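To start, the structure under review is shown below, and the notes come after it.
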Amino acid sequence: MSSDAIFQPLRFRSLEVKNRIFRSNIAGRLDDYDGGGSQVRINWELKFARGGVGAIVSSWTGVDERGKIVPGFASIETDERIPFWRELGRRVHEHDCRYIVQLAHAGRQRDVPAVTFGTGLSSTSKPDALHGFEAERATRADLEAIKRSFASAARRAREASLDGIEIHGANGYLFTQFLSSAINDREDEYGGPLENRARLLLETVEAVRSEIGRDFHLQVKISTTEHANAFLPWLGTGNTIEDSVQVCRWLEQAGVDAIHVSTGSTFPHPENPAGEFSLEDMVRTYDVMLSSGKSTFRNYLLFRLWPVNRVMKARWERDPTQVPGRLLPDARAVKAAVGIPVIVTGGFQQASLIAAALERGDCDAVSIARGLVANNDLVELFRAGHDLPPKPCTYCNKCLYNVLEHPIGCYDERRFPSRQAMVEQVMSVYEPAA
Ligand SMILES: Cc1cc2nc3c(=O)[nH]c(=O)nc-3n(C[C@H](O)[C@H](O)[C@H](O)COP(=O)(O)O)c2cc1C
Ligand code: SF4
């Protein structure tokens, strides 16, 4: 199959992207403890801009101090941050690549809370079921402040001459905690039926639009199927694709320009990123989170304890051969319900799979994280006629398990001629030095 469909430009309402490959969000502790951006992040993003992606959707970018997920991720919560984002956008633009910043609030799902705030705000006061991250139920005043934080962050993105924003409504963070029927236990107008659970997200879109106007690109990433009981069977299933299709219709009516389809009521989640579960890597790196949640020490012991750890691995792991295009059915359902473009993530690194999905009209673009971590130049490889890269991503998920403790990069030694070569690839993000 020809890969022509991949190289067609994509026109959104106020943005044009040169091809159909988006670098998906990939967080990494590349920046200053206080959220100041670094040269290392610029080096990281340039790897993908040079490699030919049409647009980069940034990693998790905090809109306020309390909503931060981990210290050491560049944030956009004050005007002092604008020059960093402007410089990052300028460097990415030199490669004819667009830059969309993902605006995010962790809610209770904070892997490593900073020294500033001990407890996250959420739809509920219950800790999360997996790690036991503690939560404080957000008041009306808190929710008003959160909406203002998103609106101000969007204005900063615009002032920094970036190309658009993505509201992170997926993967278990604040907006999922409100959207989810498995998490949200409120009895006010932000809990209960779907329209109430969607209220915070829709009001945030409205607040953002009033701040930045209609002509700045705004997309929303959403977990279209939550699979909230995928690992812990006693939880409810959470939102279904039918619930999320309705939310996407409302988002379109509220003035959103595109939907980015994701999955999972938490991050990580057995379905996201789907693939292997390396017990060895978990035991080696989970210690970073030991003091973060009420259940993290218990989990750490369970990860070490045979045969419980084997049961955990079996419940979490997904066969890597089943990973490619796993969310296409959800993308197709959303696409059938809305008129705005749909971007879908999850298991893309094969040109023929992507081209077929585009040609069938399942989606308008795909977003790629691990496939591009493994092969930064994946798009150039497609252009040169490769269907799959010579050394594809194995979906081993070692990049993910290393992300809180080590620099972001590919950690599958099998893909490199030696361990030294792998380490050099990981450390290359520090070149040029700050
Ligand atoms: C190391 C790592 C970090 C990630 N960070 C983010 C993030 O900051 N925000 C987000 O929405 N998704 C994040 N994701 C999810 C990816 O953007 C992507 O949606 C998911 O990995 C599935 O796509 P893939 O199969 O191409 O990896 C991350 C994934 C990985 C592996
Ligand atoms: S470590 Fe490398 S091969 Fe494994 S999932 Fe990450 S990018 Fe892919």
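The values are calculated or read from the model by the stated rules, or taken from the named source; none is laboratory data. These numbers come from a predicted model, not from an experiment. Cβ: placed from backbone, ideal geometry, glycine included. Neighbour counts: every protein chain shown. Note: areas computed on protein heavy atoms with side chains; ligands, DNA, RNA excluded. Shrake-Rupley method; radii C 1.70, N 1.55, O 1.52, S 1.80 Å.
Residue separation times 0.36 nm, minus the C-alpha to C-alpha distance between Ser428 and Leu290: what's the value?
Length difference between fully extended and current span is 46.8 nm.
On the full set of protein chains, 1.4 Å probe, figure out the accessible area of His93 and give it in Å² to the nearest 10.
Taking all protein chains as shown, His93 has close to 60 Å².
Could you list which residues have their amide H under 5 Å from that of Asn239, counting only those 5 or more apart in sequence or on another chain, with H placed in the peptide plane?
Close amide H contacts, sequence-distant or interchain: Ser181, Ala182, Glu226.
Tell me, what is the FRET efficiency for Arg310 and Thr237 to the nearest 0.05, using R0 = 22 angstrom and their Cβ-Cβ distance as r?
0.30
Show me the GluC sites (Glu not before Pro) within region 60-122 that DSSP assigns to loop and that have at most 15 other Cβ atoms within 10 Å of their Cβ. Before the final figure, lay out the partial values.
Numbers: sites: Glu65, Glu77, Glu80, Glu87, Glu94; in loops: Glu77, Glu94.
Within region 60-122, the qualifying GluC sites (Glu not before Pro) (loop, at most 15 other Cβ atoms within 10 Å) are Glu94.
If Lys and Arg each add +1 and Asp and Glu each add -1, what is the summed charge of the other residues whose beta carbon sits under 10 Å from the beta carbon of Phe7?
For residues surrounding Phe7, the net value is +2.
Please calculate the 1.4 Å probe accessible area of Arg13, with all protein chains present, and give it to the nearest 10 Å².
120
How many angstrom lie between the Cα centre of region 10-69 and the Cα centre of region 202-253?
Taking the Cα centre of region 202-253 as reference, the centre of region 10-69 is 20 Å away.
Starting from the residue with the highest accessible area, list Arg419, Arg249 in decreasing order, probe 1.4 Å.
Putting Arg419, Arg249 in descending order of accessible area: Arg419, Arg249.
Quick check: from the Cα gyration tensor, does region 264-309 come out rounded (a/c under 1.5), prolate or oblate? Intermediate results must be reported in sequence, preceding the final value.
On the way: a/c = 1.78, a/b = 1.22, b/c = 1.47.
Verdict is oblate for region 264-309.
Near the amide H of Ile56, under 5 Å away, which other amide H atoms are found, from residues 5 or more places off or on another chain, if H is placed in the peptide plane?
The list, which skips near neighbours in sequence, is Arg23, Arg98, Tyr99, Ile100.
Give me the net charge of Phe178's neighbourhood, meaning all other residues with Cβ under 9 Å from the Cβ of Phe178; Lys, Arg count +1, Asp, Glu -1.
Result for the local shell: +3.
Which whole DSSP H helices in the chain pass both tests: a Cα extent of 30 Å or more along the axis and a mean Kyte-Doolittle value no lower than 1.6?
Flagged H segments: there are none.
Go through region 185-233 and name the trypsin sites (Lys or Arg not before Pro) that are in a DSSP coil and have 12 or fewer other Cβ atoms within 10 Å of their Cβ.
For trypsin sites (Lys or Arg not before Pro) across region 185-233 that sit outside H, G, I, E and B with at most 12 neighbouring Cβ atoms in 10 Å, the list reads Arg214.
State, to one decimal in nm, how far the label point of Arg214 lies from the label point of Ser161, with both points 7 Å from Cα in the Cβ direction.
Placing both labels 7 Å along Cα→Cβ, they lie 2.7 nm apart.
Relative contact order for region 13-158: what percent, with Cα pairs under 8 Å and sequence separation of 6 or more?
Values: 277 pairs, mean separation 34.1, N = 146.
Dividing the mean separation by the residue count of region 13-158 yields 23 percent.
What order do Lys313, Lys147 take when sorted by accessible area (1.4 Å probe), most exposed first?
Largest accessible area first, the list is Lys313, Lys147.
Could you work out the relative contact order of region 277-316? I mean the mean sequence separation of Cα pairs under 8 Å and 6+ apart, divided by the number of residues, in percent. Spell out each step's value before the answer.
Working: 22 pairs, mean separation 17.9, N = 40.
In percent, rounded to a whole number, it is 45.
Taking the alpha-carbon centroid of each part, what is the distance from region 265-295 to region 87-157 in angstrom?
One Cα centre to the other: 20 Å.
Report the net charge of residues surrounding Tyr99, where surrounding means a beta-carbon distance below 15 angstrom and charges are Lys +1, Arg +1, Asp -1, Glu -1.
My count for the surroundings of Tyr99 gives +4.
Largest first, what is the accessible-area ranking of Ser123, Ser152, Ser181 with a 1.4 Å probe?
Accessible-area ranking of Ser123, Ser152, Ser181, largest first: Ser181, Ser152, Ser123.
In the chain, what is the volume of the convex hull around the alpha carbon atoms, normalised per residue and reported in Å³?
Taking the convex hull of the Cα positions in the chain, it is 126 Å³ per residue.
Of Lys47/Lys126; Lys294/Lys398; Lys18/Lys147; Lys47/Lys391; Lys147/Lys313, which ones are farther than 29 Å apart at the Cα?
Lys47/Lys126; Lys18/Lys147; Lys147/Lys313
Under the 0.36 nm per residue contour assumption, what length would be gained going from the current alpha-carbon distance of Phe297 and Phe117 to full extension?
Residue separation times 0.36 nm, minus the Cα-Cα distance, leaves 62.7 nm.
How much length would be gained if the chain were fully extended between Ser418 and Glu87, taking 0.36 nm per residue of separation minus their Cα-Cα distance, in nm to one decimal?
Contour length minus the Cα-Cα distance gives 115.6 nm.
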